[in-house]
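Let me begin by presenting the structure, written as structure tokens, before commenting on it.
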Amino acid sequence: MGKRRRTDANNPLPSRISKFWNQRYTLFSKFDDGIQLNEELWYSVTPEEMAMYLAKFFRHIFPEAKTILDICSGGGGNTIQFARYFPNSKIFGIDNTQANIDCAIVNSAVYNVEDRITYLLRDWENYHLFINELKELIGPVDVAFCSPPWGGPSYLNQEVYDSENIKPLGLERLLESMFQLTENVVLFLPRNTNKTQLSAVTRKLKGPSAKCRVVEAYVNERPKGILCFWGKKFTSYQPKNDSTDEEGY
């Protein structure tokens with residue numbers, strides 16, 4: 001029999017985020033083994049199932065990837081899975097909060113990948129101040145991923161989400177900064193993101209024929225957001241089965 005999981009009788013979270021307690025094993029299957037999350041991370045960590053899917057997809061498209069960068073790495077949800085599925089690659093996580101990095105380091109140890117990840121304290125809003133130093137430090141980047149803060153759970157109150165409201169930079173500046181490192185860029189954005197805006201920014205930065213691949217992400221049959229892919233290998237990839245959850249912009 002598997003390990004017995006704690007009941008929800010003693011939910012320790014503040015009422016404003018208490019609903020996330022019931023999702024703790026969705027966020028980290030090894031939650032009871034010492035996972036640490038601060039209040040912000042409870043509602044911003046990528047669910048483990050989705051993080052695993054993304055890491056496996058990266059490995060399928062870029063099996064020889066040597067360096068993967070996770071910007072806004074938070075509690076390490078995605079970074080950990082990148083390290084698990086790319087055991088011989090360099091994995092870097094960047095976050096602007098030491099408290100988040102401290103949690104990510106602990107969480108990485110829970111999954112026994114702490115020695116495969118380098119976490120860096122940097123504020124991506126000021127990327128122009130350190131991006132040349134970063135290039136020298138990490139070398140060529142095969143894939144850059146970012147799950148930027150969406151402004152908290154209140155984003156769901158908007159019928160259409162303006163992607164220029166994502167932090168630390170709006171969509172255009174964020175993409176512009178990431179394209180300085182690699183053409184292979186992936187963002188995790190709200191499911192109500194303005195897709196017309198997504199298309200316009202893509203063409204502005206990459207040309208009139210440029211495309212962005214959009215995949216709707218579900219966990220336990222519930223929509224969690226959209227995964228947006230840039231780069232020829234991503235946009236030209238043809239899955240074996242047609243999916244109604246994919247669109248091109």
(request) Could you check the stretch 1-98 for helices (runs of 4 or more DSSP H) lying wholly inside it with 3 or more residues that are free of Cβ contacts under 8 Å to residues at least 60 places away in the same chain? (result) 24-27, 48-61, 77-85
(message) Looking at 110, 160 in this structure, which one is in contact with a Gly (Cβ under 9 Å, 6 or more places away or on another chain) and either at pLDDT 95 or above or surrounded by fewer than 19 Cβ atoms within 10 Å (Cβ to Cβ) (or both)?
(response) 110
(request) Return a yes/no flag: does the stretch 60-68 have any residue that is crowded, with 19+ Cβ neighbours inside 10 Å and acidic (Asp, Glu). (result) no
(request) Answer yes or no as to whether residue 56 is farther than 22 Å from residue 179 by Cα, of a type in the set (D, E, K, R) and either modelled with pLDDT under 90 or surrounded by fewer than 18 Cβ atoms within 10 Å (Cβ to Cβ) (or both). (result) yes
(message) Just to be sure I understand, how many residues within the stretch 212-249 are charged (D, E, K, R), at pLDDT below 95 and not in a strand (DSSP E or B)?
(response) 4
(request) Output the residue which, of all residues in the stretch 183-208 that are hydrophobic (A, V, I, L, M, F, W, C) and touching a residue at least 12 places away in the same chain (Cβ under 8 Å), is nearest to residue 55 (Cα to Cα). (result) 186
(request) Tell me which residues, restricted to the stretch 158-205, are assigned to a helix (DSSP H, G or I) and of a type in the set (A, V, I, L, M). (result) 171, 174, 175, 178, 198, 200, 201, 205
(message) Go through (1) outside any helix (DSSP H, G or I); (2) within 25 Å of residue 136 (Cβ to Cβ); (3) β-branched (Val, Ile, Thr) for residue 105 and report which single condition fails.
(response) (1)
(message) If I filter the stretch 144-157 for residues that are more than 26 Å from residue 48 (Cα to Cα) and surrounded by fewer than 16 Cβ atoms within 10 Å (Cβ to Cβ), do I get at least one hit?
(response) no
(request) Would you mind stating whether residue 13 is over 28 Å from residue 139 (Cβ atoms) and either hydroxyl-bearing (Ser, Thr, Tyr) or crowded, with 19+ Cβ neighbours inside 10 Å (or both)? (result) no
(message) Anything in the stretch 30-60 that is out of contact with any strand residue (DSSP E or B) (no Cβ under 8 Å at 6 or more places or on another chain) and under 15 Å from residue 150 (Cβ atoms)? List them, or say none.
(response) 40, 41, 42, 43, 44, 45
(request) Go over the candidates 168, 208, 148 one by one and state the one that is closer than 21 Å to residue 79 by Cα and at pLDDT 90 or above. (result) 148
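The values are calculated or read from the model by the stated rules, or taken from the named source; none is laboratory data. Being a predicted model, the structure only gives us computed values, none of them experimental. Cβ sites come from the backbone with ideal geometry, for glycine too, and all protein chains shown count toward neighbours.
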